[in-house]
Amino acid sequence: MLDSGVEVRVYSPTLSRDELELLYSATDAASTKTFRRSTRASKLDAFEPGESLPELDAACAPSEDRTLDLTPDGLRAYIGCYDPTVSFSGSLRVARRASPDAAFVLDAESYGTVGASPSIAADELTVYTSGFDASQEAGLVYERATPDAPFADGFEIPGLNGRPAQAPDISVNGLALFFGDDYGVWAATRESPDVPFSTLDPVIEAAAEPRAASWLSPAISDDCRSLYAVRYVADTGAGEPSWTLEVLER
């Protein structure tokens with residue numbers, strides 16, 4: 001679906017409702033970090049690397065990793081920037097646009113301090129993130145009363161029993177949460193958005209052989225039929241790593 005070339009790290013994908021627009025984060029071999037946008041004419045087409053989004057990059061310091069999530073209507077992007085050498089946490093920012101073809105405009109204010117890789121619920125009152133130590137600490141959830149208020153302090157995602165939930169992505173109906181852990185992708189499900197998650201199942205299991213893939217940064221489509229995830233290979237055979245965005249369908 002997207003191959004940006006060896007040694008270009010791809011992460012934090014988020015797609016429009018029709019899956020024809022992709023926003024994601026990239027870090028190149030020179031350690032330049034940017035948000036990028038790509039579009040395609042059909043879901044059968046691959047995404048090209050696309051164009052940079054300096055209006056979103058303005059939310060982050062040049063050295064910071066950057067993550068984002070689009071709202072279901074595609075008009076707001078929730079952005080989390082963080083220095084991974086210090087903590088997988090930082091200010092939550094919001095950028096807005098009038099239409100999917102318009103430029104984003106970044107809000108001046110912060111909407112609270114959250115973990116990395118924010119995933120916003122459809123009503124924009126709840127956001128899910130990685131823990132402050134993404135590979136070791138439990139995933140977090142934050143809540144607020146109105147869409148213009150800052151989020152309160154986070155707490156462990158109920159029902160995951162303290163399990164790390166790296167780069168979580170909540171389904172539009174709020175019944176499934178997809179996240180990375182143990183080099184693969186997992187899904188937690190529940191009967192209602194108002195209750196804790198009750199089941200936990202592997203969706204993509206990492207292979208064990210040398211140069212095998214790890215799976216990161218899942219993003220579930222609005223109809224829950226397509227799961228996008230970043231496939232990371234530490235050594236492609238020439239001593240170089242690669243990150244590609246793949247899609248699994250059901």
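The values are calculated or read from the model by the stated rules, or taken from the named source; none is laboratory data. Bear in mind that the values here come from a model prediction, so they are computed numbers and not experimental data. Every residue, glycine as well, gets a Cβ built from its backbone with ideal geometry; the counts of neighbours run over all protein chains shown. Side chains included, ligands, DNA and RNA excluded: accessible areas come from the protein's heavy atoms. Shrake-Rupley method; radii C 1.70, N 1.55, O 1.52, S 1.80 Å.
Quick notes on this one:
- Qualifying residues in segment 127-148 (those that are of a type in the set (A, V, I, L, M, F, W, C) and touching a residue at least 24 places away in the same chain (Cβ under 8 Å)) - the one most open to solvent (accessible area, probe 1.4 Å): 132
- Within segment 182-199, if we keep just the residues that are assigned to a strand (DSSP E or B) and open to solvent by 20 Å² or more (accessible area, probe 1.4 Å), the residue that is farthest from residue 116 (Cα to Cα) turns out to be 199.
- Selection of first residues in segment 153-171 that are on the phi < 0 side of the Ramachandran plot and of second residues that are charged (D, E, K, R), restricted to Cβ pairs under 8 Å at least 6 apart or on distinct chains, gives the following pairs, ordered by first then second residue: 163/181; 164/137; 164/181; 165/181; 166/181; 169/69.
- The number of residues in segment 212-250 being assigned to a strand (DSSP E or B), open to solvent by less than 30 Å² (accessible area, probe 1.4 Å) and farther than 17 Å from residue 14 by Cβ comes to 4.
- Residues of segment 83-102 that turn out to be surrounded by 13 or more Cβ atoms within 10 Å (Cβ to Cβ), more than 30 Å from residue 138 (Cβ to Cβ) and touching a residue at least 24 places away in the same chain (Cβ under 8 Å), as a count: 1
- In segment 149-159, the residues that are open to solvent by 10 Å² or more (accessible area, probe 1.4 Å), outside any strand (DSSP E or B) and not small (Gly, Ala, Ser): 150, 151, 153, 158
- Residue pairs whose Cβ atoms lie under 9 Å apart, separated by 6 or more positions or on different chains, with the first residue in segment 15-35 and at positive phi and the second of a type outside the set (Phe, Trp, Tyr) and part of a strand (DSSP E or B), are 19/226; 19/247.
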